[in-house]
Amino acid sequence: MKNIFTAMLMFCAAGAGAAGPAPYTCEGGYFTLTIPAGWGQMPAGGQSAKAKQVYGVDLLLAGQGGAAAPSITVKFYASGNSVFKTGQDYVDSNSAPLGDPEPGEQYSPVTGAAVAGRKAYKFERKFNGYFGPREERKAPVAMFERHLVLPAKDGFYVLLFSAPFAQAKALVPQFEALVKSFKPKK
Amino acid sequence: MSRHLKHLILLPLAVFLLQTPATAGYEETVQVCLSNLDQSRLSPQIAEDCVRDLHADPSILERLKDEKPEAASNLVAYNSALKDYKKTIASYKDLAFARQYERIMFSQACPLCDMNLGPKPEESFSWVAKYLPNDLGDFKYSVRTWEALGPVRTPLLSADGRTKESWNAMDVLDRYQALQSWAIYVVAQTTPVPAGVYPDKAQLARLIPVLKEDLFHPALAAQLDAYLAGGNIKPVVIGNPAASKAAKDKISRTSADMAALRGMNTGAQSATLENFFNGTGHRPAGDFQLDKKPGAKKPARPYTYTPLSDDQITALGPRLLAQGADGKVTGALANEIRGTKAGDEILAFYADKKYKSAGTNKLAFGLEPMEEGMFGGWNWVNEDIKINSGLVNDWMKKNKVTPEMLMQGDPAKNKHLRGLSEYLAPTFVHEATHQRQTANDKARGIDLVKAYGKSNSYYQMEKETEAFSMDASFTAEKFAKLPKAQRKAYLARLDPFDKKNAETYLKQGVDGVRLSNHKGYAARESLDGEASKQFVMAKSTAQQLEALKARDQATLTEFERQELARLQAEMNSRYKWYTYTMQDSVAAEAKINLWRQEIRRKISGNRTIKEGPVPTLLSQ
């Protein structure tokens, strides 16, 4: 008997190397999309998607130099997941700073957006990120994030683009292309 | 480790080739990888290919480990060491390289020494010339070998009684310190004479740039520039024949870099050197004295920053944290972490009798001068946790605290120690988590030296995910436990990095912490498809095994029973470090995300999250 779960896991990981645009189907079949050329899947770690009830992928644009690799995260948070109660919970938590913002940090208001022809939340932030080993002191890196939150049956989707601010404008079209290719099943 | 590597490798290889039935990939790979360890080869490219091939086909090592266990270990350890050495030489220059070099050559095990590539860098010269010819110049300069010191330093050092033999006999970091001491002496001899009336202006023009480079003190470097400019002399940089210009341009030279090398206290040094420029110093009569001179009276100020002295650095550690005979950890830092989920786990680890009998939860905590860029951390070779005393200096400056205020009276009642503990606590939780990971690895009989790809592998990054999540959870819980009105101020007192880490954890869970770690790594490296695949495979093994074990065993088919036995054997194999790391990361994530739920409830004041079917923002 082939363990379906394992097969899905291996399938999800199949595109691990960075290459041309590649079709991606999420474990559990919750969504499909096209991974843009040059983006590779971050190896999964920790709990299984099933245990967390969080399904999807983190993509990294590796080897660009600089302090932080750009990333795109696409996840389906199923009802009862261990991280967020609802899409509203996600938006409330991520669309405002913790404590006072550092100088230069900015949060946009939450607005509407269309994702896969449906209504979604959208917000952005500019913030200081710190990357590197704990053992080293790190200089802040100005980062840009765009969050798209799509409510769904029995859960919600998040499509998240994150990049050093200096690179963000040039890279955001690749995120937009991915969002265009995104097909939720829920 | 055996020094007769050649014989060790070639004899079993010969026997092996005569005996074993041919399996094409296995035989070829083992032959190439083992013969690469011959003293006449040691190719880092072949080593890199070997490590990659072994990752791609774990069965090779699995088989060799049964047939020839020592050859298997050597194959992995020595090829990995060559690969990493090449990478280090290509990636680092100057003092940053010297630091890496010290770590490579002077840890508990030195595979490169067994291959006669160390511990002295001169032993690597012909190897570097052969395999990394473009890096040879930078390598020689980064290790400050005598022949690379250049035409300005060499005659002056020779006049001081140095020789090539005595110089190259020193360890690399000692050479840097010797150059700094020499530079200090020369500055003291030279600068009391105004540049405009200096007898040999041409020599001065060449000398000052070299002194700037060796001093590692940007403020003094600026003053030396001003000194030259005062005499209308343009500096002349003698191109060091060994070093590349690009390397020199990128080098950052801070005084703390140098002071950190061998326990020299930055502050004392800088205070003394500056005396020579502000007129309160004078040319020393004989040997250069590093004592404080009786200077001009400073204007009275409400707070004067003073860095920790060497004695204070030594004494402060035990005032923050100490371990009793019963294993229990006490002190301001222990009090700071107590009462949080992460902190209580760490305290329990140090008090645990099981770890105590294994000797793996001994607390060796202290402060130490380090390069400015370092926090410090858990060193699994030295088995200690050291924090950069420079952090404490910075904290004192920011909070207008003096060393005396930290050192006075009963530590239990000292509010400044409490304040400092609040600042250092997230770092301590993180590093203590690493000590606990090491203790668990040891308890499972995992040989860390031989666990290949350790420092860079995704497995190590999962250990980092746990450690970062622990310290983020700690900080978030401290934040949540405070009255609302005090929360922002608490965050403002922390290092911005700790605040951000807690924020990432609260905003995105352990997954967010994991992604943040990977971003730092992926920015420098290309994602390794092979490592990634193996990472997933090992995780898959752990999960499949869990799933089968969780079943009612009476319902398993014969195939499933065999699968369970096979997976269990794989778990028990040489890859147990990987599989245990993945198992631990599963457990850690579940636990720490659960803590997060409780923390978020505290922060939101137990509000019920409103659930609406339609996003209200989009009703317009």
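The values are calculated or read from the model by the stated rules, or taken from the named source; none is laboratory data. As the structure is a computational prediction, the values presented were derived from the model and not from experiment. Neighbour counts run over all protein chains shown; Cβ positions are idealised from the backbone, glycine included. Each accessible area value is taken on the protein alone, full model and side chains, heavy atoms only, with ligands, DNA and RNA left out. Shrake-Rupley method; radii C 1.70, N 1.55, O 1.52, S 1.80 Å.
If the cut-off is a Cα-Cα distance under 26 Å, which lysines reach B:LYS201, setting aside same-chain residues fewer than 8 apart in sequence?
Leaving aside lysines fewer than 8 places away in the same chain, those within reach of B:LYS201 are B:LYS212, B:LYS234, B:LYS245, B:LYS248.
Enumerate the amide H contacts of B:ASP384 below 5 Å, restricted to partners 5 or more residues apart or on another chain; note that Pro and chain-start residues carry no placed amide H.
For B:ASP384, the qualifying residues are B:ASN379.
Give me, ordered by chain and number, the residues 5 or more places off B:MET370 or on other chains with an amide H under 5 Å from its own placed amide H.
Long-range HN contacts for B:MET370: B:SER389, B:GLY390.
Just check the stretch B:320-364 against the gyration tensor rule for me: Cα atoms, a ≥ b ≥ c as the square roots of the eigenvalues, rounded for a/c under 1.5, and otherwise prolate or oblate depending on whether a/b exceeds b/c. Please report the intermediate quantities before stating the final value.
Working: a/c = 2.53, a/b = 1.46, b/c = 1.74.
Oblate.
Can you pull the mean other chain C-beta count within 10 Å for peptide A:98-110?
3
Sort the stretch A:30-113 into rounded, prolate or oblate with this rule: let a ≥ b ≥ c be the square roots of the eigenvalues of the Cα gyration tensor; rounded if a/c is under 1.5, and if a/c is not under 1.5, prolate when a/b is larger than b/c, oblate otherwise.
On the way: a/c = 1.75, a/b = 1.07, b/c = 1.63.
Note, shape of the stretch A:30-113 comes out oblate.
Determine the total buried accessible area between chain B and chain A, counting protein heavy atoms only with a 1.4 Å probe; round to the nearest 100 Å². Please list the in-between numbers first.
Details: alone 30490 and 10430 Å², together 34940 Å².
For chain B against chain A, roughly 6000 Å² becomes buried.
Using the alpha carbons of the stretch B:75-159, what is the convex hull volume per residue in cubic angstrom, as a whole number?
Numbers: hull volume 8.4 nm³, N = 85.
Roughly 99 Å³ of hull volume per residue.
Show me, for the stretch B:415-423, the HN-Hα J-couplings you get by feeding each phi into the Karplus relation (A = 6.51, B = -1.76, C = 1.60, θ = phi - 60°), rounded to Hz, glycine and proline as x.
Here the 3J(HN,Hα) series is 6, 6, 4, 4, x, 5, 4, 4, 6 Hz.
Wrap a convex hull around the Cα atoms of chain A, take a quarter of its surface area, and give that in square nanometres.
Working: hull surface 47.1 nm².
Taking the Cα atoms of chain A, their convex hull projects to 11.8 nm² on average.
Taking square-rooted eigenvalues a ≥ b ≥ c of the alpha carbon gyration tensor, is the stretch A:83-186 rounded, prolate or oblate, where a/c under 1.5 means rounded and, failing that, a/b exceeding b/c means prolate?
Details: a/c = 2.02, a/b = 1.57, b/c = 1.29.
Because a/c hits 1.5 or more and a/b exceeds b/c, the stretch A:83-186 counts as prolate.
Take peptide A:66-75, look around each residue's Cβ out to 10 angstrom, count Cβ atoms belonging to other protein chains, and average those counts. Don't jump to the answer; show the numbers that get you there.
Values: counts 3, 4, 7, 11, 3, 5, 0, 4, 0, 2.
Mean shielding count: 4.
Can you list the HN-Hα couplings for the stretch A:25-41, worked out from phi with the Karplus curve (6.51, -1.76, 1.60; θ = phi - 60°), rounded to whole Hz and with x for Gly and Pro?
For the stretch A:25-41, the Karplus curve yields 10, 6, 3, x, x, 6, 6, 10, 7, 10, 6, x, 4, x, 9, x, 7 Hz.
For the stretch B:339-431, just run the numbers: alpha carbon Rg, then divide by 2.2 N^0.38 Å, N being how many residues it has.
On the way: Rg = 14.7 Å, N = 93, 2.2 N^0.38 = 12.3 Å.
This ratio for the stretch B:339-431 stands at 1.19.
Under the Karplus relation 6.51 cos²θ - 1.76 cosθ + 1.60, θ = phi - 60°, what is the ordered set of whole-Hz ³J(HN,Hα) values for the stretch B:306-317, x standing for Gly and Pro?
10, x, 5, 7, 4, 5, 5, 4, 5, 7, 6, x
Give the average, rounded to an integer, of partner chain Cβ atoms located within 10 angstrom of each Cβ in B:547-559. Before the final figure, lay out each step's value.
On the way: counts 5, 1, 0, 0, 0, 0, 0, 0, 0, 0, 1, 0, 1.
If you average over the peptide's residues, the count of other-chain Cβ atoms is 1.
Apply the membrane-span-like helix rule to chain A: whole DSSP H runs, Cα extent along the own long axis of at least 20 Å, mean Kyte-Doolittle hydropathy at least 0.0. List the helices found.
On the way: long enough: A:165-181 (25 Å, 0.48).
Qualifying helices: A:165-181.
Under unit Cβ charges (Lys, Arg +1; Asp, Glu -1), what dipole magnitude, rounded to 20 debye, does chain A have relative to its Cα centre? Please list the in-between numbers first.
Numbers: 20 positive and 13 negative charges, 130 e Å.
In total the dipole reaches around 620 debye.
Could you work out [θ]222 nm for chain A from helices alone, using -39500 (n - 2.57) per DSSP H run of at least four and dividing by all its residues? Round to the nearest 500 deg cm²/dmol. Walk me through the numbers before you get to the answer.
Working: 4 runs with 39 residues, N = 186.
Per the formula, -6000 deg cm²/dmol.
Can you return the aspartates and glutamates within cross-link range of B:LYS120? Criterion is Cα-Cα under 18 Å, with same-chain partners fewer than 8 residues away left out.
B:ASP84, B:ASP94, B:GLU102, B:ASP135, B:ASP138, B:GLU147, B:GLU165, B:ASP171, B:ASP174
5 Å is the cut-off here: which amide hydrogens, built 1.01 Å from N in the peptide plane, fall below it relative to B:GLY376, excluding neighbours closer than 5 in sequence?
Under 5 Å from the amide H of B:GLY376: B:ASN388.
Can you tell me which of A:LEU148, A:LEU159, A:LEU171 moves the most in a GNM of chain A? Springs connect C-alpha atoms under 10 Å apart.
A:LEU171
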